[in-house]
1. Between helix 66-79 and the chain, what is the angle of the helix's C-alpha long axis to the longest principal axis, kept within 0 to 90° and rounded to the nearest 10?
2. Can you spot the aspartates and glutamates whose alpha carbon is less than 18 Å from LYS434's alpha carbon? Ignore those fewer than 8 places along the same chain.
3. So if I take the centroid of the Cα atoms in segment 282-305 and the same for segment 436-506, what is the distance between those two points in Å?
4. Sort LYS499, LYS479, LYS457 by heavy-atom solvent-accessible area, probe 1.4 angstrom, most to least.
5. Cα axis of helix 195-210 to longest principal axis of the chain: angle in degrees, 0 to 90, nearest 10?
6. Return the lysines within reach of LYS499: Cα separation strictly under 18 angstrom, same-chain partners fewer than 8 residues apart disregarded; answer none if there are no such residues.
7. Between THR163 and ARG355, what FRET efficiency comes out of the Förster formula 1/(1 + (r/R0)^6) with R0 = 45 Å and r the beta carbon distance, rounded to 0.05?
8. Can you give the relative contact order of the chain as a percent, counting alpha carbon pairs under 8 Å and 6+ residues apart?
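The values are calculated or read from the model by the stated rules, or taken from the named source; none is laboratory data. Keep in mind that what you see is a predicted model, and the values were worked out from it rather than measured. Glycine gets a Cβ as well: all are built from the backbone with ideal geometry, and neighbour counts include every protein chain shown. SASA here: full protein model, heavy atoms, side chains in, ligands and nucleic acids out. Shrake-Rupley method; radii C 1.70, N 1.55, O 1.52, S 1.80 Å.
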Amino acid sequence: MINNGSALSRDLASSVVVFLVAIPLCLGIAIASGVPAAMGLISGIVGGLAVGLLAGSPLQVSGPAAGLAVIVFGFVEQHGIAMLGPVLLVVGLLQIVAGFLRIGSWFRAISPAVVHGMLAGIGILIILGQIHVLMGAKPAAGGIENVTAIDESVRRLTGPNVTNEALALLVGLIALLAMVCWEKFRPRSLSLVPGALVGVAAATILTTTLALPIARVDVPASLVDSISFPTAGNMAQLVQPGIILMTLMIAVIASAETLLSAAAVDRMHDGERTRFNKELFAQGVGNGLCGLLGALPITGVIVRSSANIQAGARTRTSAILHGVWILALVALLPGVLGMVPLTALAAVLLVTGWRLISLQHVRHLFEHHGLVPVGIWAVTVAMVVLQDLLVGVALGLALSILEILPYLRRKLVIRHAEIDDEIHVRLRGAVTCKDVPALLSTFEGLPDGRKVNIIGKHLFYMDHTSAETISEWLRRETKSGRIVEIHPPRAAARHPRLKPLFDRFSAEAA
């Protein structure tokens with residue numbers, strides 16, 4: 001049992017760390033989304049106070065996410081900032097309904113190859129856009145447009161004298177170098193100080209000390225002035241087909257990113273597990289409030305969540321307090337944020353975009369599942385960058401269905417029984433992504449502390465989405481001390497990837 005005083009002190013310390021991580025990200029993601037910085041700060045406050053209070057994932061931290069910045073940028077360019085609020089009201093409502101209907105597990109049935117491909121594509125688009133901001137220029141709406149515009153941004157760096165764009169680039173590169181060096185060489189005693197804070201602080205001090213004529217963050221004297229309530233005229237435009245499609249896309253991607261982040265957070269600690277439908281409900285409330293206040297969409301965010309856990313957080317109090325600190329900073333010291341150069345935030349987002357690409361996921365897919373998921377990942381990335389996010393995700397999902405199409409006629413049968421104080425879970429037939437909710441319901445509903453035998457002797461096929469679901473459960477349960485024994489398929493005529501998969505499960509259960 002955790003002492004309440006000890007938990008509170010740990011949560012208090014963790015909240016400060018998360019606050020320091022969140023501030024540059026809230027500002028940077030707002031700039032990358034093509035909206036005023038205040039909208040990102042409002043979303044950070046809502047993610048802390050509202051979602052933190054209601055969350056089903058006690059240690060996950062919510063706020064504006066880089067994964068949605070590209071979508072919001074394109075939406076604002078096409079429909080205007082004023083339409084973002086009404087869209088988020090509907091997104092929040094959809095998430096609340098999804099939570100009540102208990103369909104949170106279905107979002108985890110989306111192929112990891114598609115999800116990581118989508119995030120990698122978004123990461124590339126963020127990098128292509130923020131390269132221009134690093135050079136003091138404005139990014140274009142699409143990846144191809146940003147590539148073709150690089151010549152123009154580079155041309156602005158040169159002139160008879162040192163240009164403002166060249167100064168912006170120099171400051172941005174100093175921020176980038178400070179971040180990278182800090183992450184690589186920081187002393188152990190300062191391990192909780194985030195690299196993004198160091199980079200932004202270095203650039204801000206340099207810009208302020210030398211009074212450099214480069215663009216800074218525009219923060220209003222009062223955050224209340226930035227609140228923009230939806231109007232009846234804007235609400236009426238929600239029936240447009242393009243806006244309906246964008247609303248659904250934001251709802252699905254925000255929900256999937258949140259629940260995948262929550263699953264990753266569960267692997268990082270031994271405490272209370274995520275209640276996925278409750279988390280979806282909390283995100284819906286948060287996005288509804290963001291829509292009402294005219295802010296950015298929010299999701300559960302892995303960068304802030306991992307910082308929260310590494311700093312020693314024990315309860316949701318840490319996430320709530322980080323929202324309090326953002327509110328206090330904006331209310332009491334808005335001038336401090338107004339000193340931050342935009343090019344420093346671009347440097348933060350360049351690092352964030354690189355992390356979203358994460359080639360480690362591609363290596364993992366290839367090592368454990370072969371070339372097909374890697375191909376799905378590559379196609380999703382390419383289409384997100386070359387076309388748009390909706391085309392990339394839709395094509396990735398279509399390819400995922402094609403992969404499992406030959407095995408859909410073989411139904412999965414799950415049987416579990418208690419034998420000699422042990423639990424036997426028998427899997428028969430073919431396991432595909434459509435069976436992920438049933439798998440999760442079975443495995444997560446097993447009594448705690450009992451030995452589990454996973455018996456796949458009559459299993460014919462397992463796709464990579466189902467395999468990753470079982471693998472995550474195995475890693476989490478064995479870490480908590482549960483004994484799990486794996487019984488592989490016995491027939492050599494089964495799918496050739498089954499044996500290496502069950503060998504992996506056995507290694508993870510050992």
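1. The answer is roughly 60 degrees.
2. Correct list for LYS434: GLU403, GLU444, ASP463, GLU468, GLU472.
3. 34 Å
4. Values: LYS499 135, LYS479 105, LYS457 80 Å².
My answer, sorted largest first, is LYS499, LYS479, LYS457.
5. The helix 195-210 is inclined about 0 degrees to the chain.
6. LYS457
7. The computed FRET efficiency comes out at 0.90.
8. Relative contact order comes out at 27 percent.
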